[in-house]
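The values are calculated or read from the model by the stated rules, or taken from the named source; none is laboratory data. Computed from a predicted model, the values in this text were never measured in an experiment. Reconstructed Cβ throughout: ideal geometry from the backbone, glycine too, with neighbour counts over all protein chains shown. Surface areas here come from the heavy atoms of the whole protein model, side chains and all, with no ligands, DNA or RNA. Shrake-Rupley method; radii C 1.70, N 1.55, O 1.52, S 1.80 Å.
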Amino acid sequence: MLTTPSQHGIKLAVNLISSYFGDIVAKVCECLLRKGTLPLVQIIQFTELTKQNAVNSLLVLIQHNCVQAFATQTEGKFGGAPRISTQYMALFDNIIHHLRFPKFIAIVNEDLGKECEEIFVWLLQDGRLSVNDILERHKEPSRNSTASDAFHECFRKLVNAQYVERCPAHEPFLAPPTEEEIAAKKRAAKFTKKVEDTIEVRALAEASPMDSVRFLLETDTWTDDPEQKSNDDSSSLAAAGEKRKLDALESGTKDWATNQKKEVLWRVNFEEFVRRLRHKSCIENVRARLDAGAATVLGAVLEATRRTETKVKVENSVPLSIDDIMEEVIKSEEGRTMNSDRVRASLAQLGCDMPSITGIDETYSIDLKRILELAQIQEVESIVLKRYGREACRIFKLLLQADRVVETEMISKDTFVDKKDAATILHQMWKDDYLYMQVMEKDKGKQKYLLWAVKKPVLWQHILDDMYHAALNLRLRSAYEQEKDKEIAQLPREKREGELGKRFEKWRKIRLVLESSLMKLDDAILLFNDF
Amino acid sequence: MSRVQDTMALKRKRGDQSLLTQSLGDADHNVLNIIKGKEGRGISSGELKKVSNLPTTQFNKSIKTLVARQLIKEVPNIKTSWGKHYMGAEFEPSAELTGGYWYADGKLDQELINSFKKICFQILQQKLKVATAEGVHSFFIKRKLYNGEISRDQIAEILRSMVLDNQIVEVKSTGLEEYHSIPVGEVCYRCATGGGLGETSKTKTGAMVSIPCGVCPNIRLCTPDGVISPTNCVYYTKWLDF
């Protein structure tokens, strides 16, 4: 679940943090992204910031869910007592999520309406808030008690839709494994090839609240007196490691953490938004590639099974009976015209195996991984088509389908591309790292053959890095255009006439194109990184 | 869409050949026999020179004589773009040399290929909707859409190439609805309903290709403060020039 950021991914993340929280915070963030998980001492050493600046930056990053702290125990030197130290890890994906806040807001607005959107935006702006923090904001002079009731209802809706969740533990303690645990792991390793989780993955797992607590909204939280409820909340949150870790906190973060412990903090549940965007991407891809019927059936299946998905990146949809699918399909306007045969045909189009006898224990599970893979291929093919031309695209698709090395002559034959042209295209694509080349010798080196292949995982990483690079460039150009025409942007409405009016219109158009392109590019980044 | 295949004009009767070979010298005979021995595979000029073991002047003279008397012919070899390739006049070049059905004069016959692609697309789009390679081939034969010979495999090659062009999609029959006439699991072809990436594409353009960086040849040289940067990029300036 943790992504190792690419070079341009880091640059984009740093640019985002710099524009939202300033250069000092960005410096700490960049240090963590480039060097990995670090304790405070080393962060100060690498960034050359003062301790206060480093601590404050970390607090900002933690508040905005960009950094997770955790405590580890190390053996004491020269037979001394074990030492507990706090480590800080950057959450790359959460940083990049800042780019897509407008998308998250649009989803909430569409699903729950304007009032819920308002509360949701506060959470996005502040990163983490308690119910009372939000209530305080809500209690502006213009609002009355009815508005307060509406607030409670809105917040409940946000939690029920899983758009917001309880924050993870501030600093979970990762106890060193006992001798028995080490022995058990060694035994298990003999039989399974499972790679052991990294310390970062373990820290995230330890910090996450249990599923039963994650979306638990206690009505007694809704008191207007924060002091009164603080004790109750702390007991409900009491994860095993909570109290243990407090002794280990470093002085800089100790007070903050102690204060936060008094109240349940809530934050935006990015996971739910990624899931919804993933579903949307699958449906839209199927609509474009197959037809509206298949998209309706897929939408119905995903809607019915969303809550039962155990993780975001599920490869297949949760199995659903034909009756349940029909029940969900007819809820939508497009689905009302579909009978069961039509639904079955759509399921077959979606790659589901048809049972030999329909009706008896007839359940279906749709291969979502394949749908997303095809969408990724479509994106890469469009790049190849525009960069190298139609013949190159044909060759690329052949190699992608072959999934092994293929000789130049065979490529030429199967794609109807002249051998000489094919060789030129293949070399060009190889030079740009789109293809892998292997030289095969025959007759003791007298004859040489060139073999070509698409190494998908490597190429996909390369394309994703290019996407981060392009997104960074769009942001930089956007900032440049805003700065260049600062006066035009602030032009009052009545002065937007004649030459000035034209310039304002051009400025508006440029901004629109750059912002919409960034959102579209972010869809592709999601497709390659998060889905 | 027709290819002139007047092979008879290229062939010579044995009776005529004996008259033409009567006045040939020993060296010419030797060269002719080597070439004829290779039948439809022919022989490259380099190899022929090596095997005949003749001095260059004599070798060139023999080749010139044999070609002039139409006893041998020069044929294209798609495997090598350099050097000459010779063959007995009575033989037809093998598919290995010519490249096969889709080649003419040593080059891909793009006109022929495109014509077949166009017809196959029309058949799938307007007539059959979904069909196997066999189905498309039968349609060709029944409707006499092509005067020459075309095999099922050659139609399959065309269809596979159209799949690579995203003009059509390869699917497996489900036996349901429009697939009812095709056995379940059999590979068949249909038009890409979403449009694919073909020239008539209806799908949305890729995110990367709709911005300058997506296809920029200098993307690797581009840095925020470098000589090439997004703020001074000429492609960006052109893109945003409304």
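Laid out as a table, the results:
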| item | result |
| --- | --- |
| Sole exception among (1) without any contact (Cβ under 8 Å) to a residue 24 or more places away in the chain; (2) open to solvent by 90 Å² or more (accessible area, probe 1.4 Å) for residue A:334, by number | (1) |
| Residue A:343 being buried (at least 16 other Cβ atoms within 10 Å of the Cβ), touching a residue at least 40 places away in the same chain (Cβ under 8 Å), not small (Gly, Ala, Ser) and not in a helix (DSSP H, G or I) | no |
| Selected residue (criterion: least open to solvent (accessible area, probe 1.4 Å)) from residues of segment A:445-497 that are within 18 Å of residue A:96 (Cα to Cα) and polar (S, T, N, Q) | A:473 |
| Meets criteria (open to solvent by less than 50 Å² (accessible area, probe 1.4 Å), out of contact with any strand residue (DSSP E or B) (no Cβ under 8 Å at 6 or more places or on another chain) and either not aromatic (Phe, Trp, Tyr) or not in a helix (DSSP H, G or I) (or both)) for residue A:95 | yes |
| Boolean, residue A:201 is touching a strand residue (DSSP E or B) at 6+ places or on another chain (Cβ under 8 Å), aliphatic (A, V, I, L, M) and modelled with pLDDT of 85 or more | no |
| Condition broken by residue A:111, with the remaining ones in (1) out of contact with any helix residue (DSSP H, G or I) (no Cβ under 7 Å at 6 or more places or on another chain); (2) over 23 Å from residue A:530 (Cβ atoms); (3) touching a residue at least 12 places away in the same chain (Cβ under 8 Å); (4) charged (D, E, K, R) satisfied | (2) |
| Of residues in segment A:1-58 being farther than 15 Å from residue A:468 by Cβ and of a type in the set (D, E, K, R), the one most open to solvent (accessible area, probe 1.4 Å) | A:48 |
| Near pairs, Cβ below 7 angstrom, 6+ apart or cross-chain, from segment A:453-473 (assigned to a helix (DSSP H, G or I)) to any residue that is among the charged types (D, E, K, R) | A:462/A:433; A:471/A:522; A:472/A:11 |
| Checking residue A:201 against (1) closer than 28 Å to residue A:264 by Cα; (2) in a loop (DSSP other than H, G, I, E, B), the condition it does not meet | (2) |
| Test: residue in segment A:436-456 that is under 28 Å from the mean Cα position of the chain (by Cα) and not basic (Lys, Arg) | yes |
| Number of the exception - residue A:81 against (1) outside any loop (DSSP other than H, G, I, E, B); (2) surrounded by fewer than 19 Cβ atoms within 10 Å (Cβ to Cβ) | (1) |
| Residue within segment A:59-77 that is open to solvent by 20 Å² or more (accessible area, probe 1.4 Å) and in contact with a Cys (Cβ under 9 Å, 6 or more places away or on another chain) present | yes |
| Sole exception among (1) part of a helix (DSSP H, G or I); (2) within 16 Å of residue A:516 (Cα to Cα) for residue B:237, by number | (2) |
| Residue satisfying all of: in segment A:100-119; in contact with a strand residue (DSSP E or B) (Cβ under 9 Å, 6 or more places away or on another chain) and at pLDDT 95 or above; nearest to residue A:149 (Cα to Cα) among these | A:104 |
| Options A:244, A:276: the member that is basic (Lys, Arg), modelled with pLDDT of 90 or more and either closer than 30 Å to residue B:187 by Cβ or open to solvent by 30 Å² or more (accessible area, probe 1.4 Å) (or both) | A:276 |
| Of all residues in segment B:34-58 being of a type in the set (Val, Ile, Thr) and either open to solvent by less than 40 Å² (accessible area, probe 1.4 Å) or within 19 Å of residue B:77 (Cα to Cα) (or both), the one that is nearest to the chain's Cα centre (by Cα) | B:43 |
| Qualifying strands (runs of 3 or more DSSP E) (wholly inside segment B:73-191; at least 2 residues being modelled with pLDDT under 90 and crowded, with 20+ Cβ neighbours inside 10 Å) | B:85-88 |
| Residue satisfying all of: in segment A:397-410; under 17 Å from residue A:438 (Cβ atoms) and assigned to a helix (DSSP H, G or I); most open to solvent (accessible area, probe 1.4 Å) among these | A:410 |
| Residue in segment A:456-471 that is over 15 Å from residue A:379 (Cβ atoms), charged (D, E, K, R) and within 14 Å of chain B (Cβ to nearest Cβ) present | no |
| Identity of the residue in segment A:348-395, of a type in the set (A, V, I, L, M, F, W, C), more than 9 Å from chain B (Cβ to nearest Cβ) and assigned to a helix (DSSP H, G or I), that ends up most open to solvent (accessible area, probe 1.4 Å) | A:374 |
| Selection count, segment B:100-154, where residues are at positive phi and within 12 Å of chain A (Cβ to nearest Cβ) | 2 |
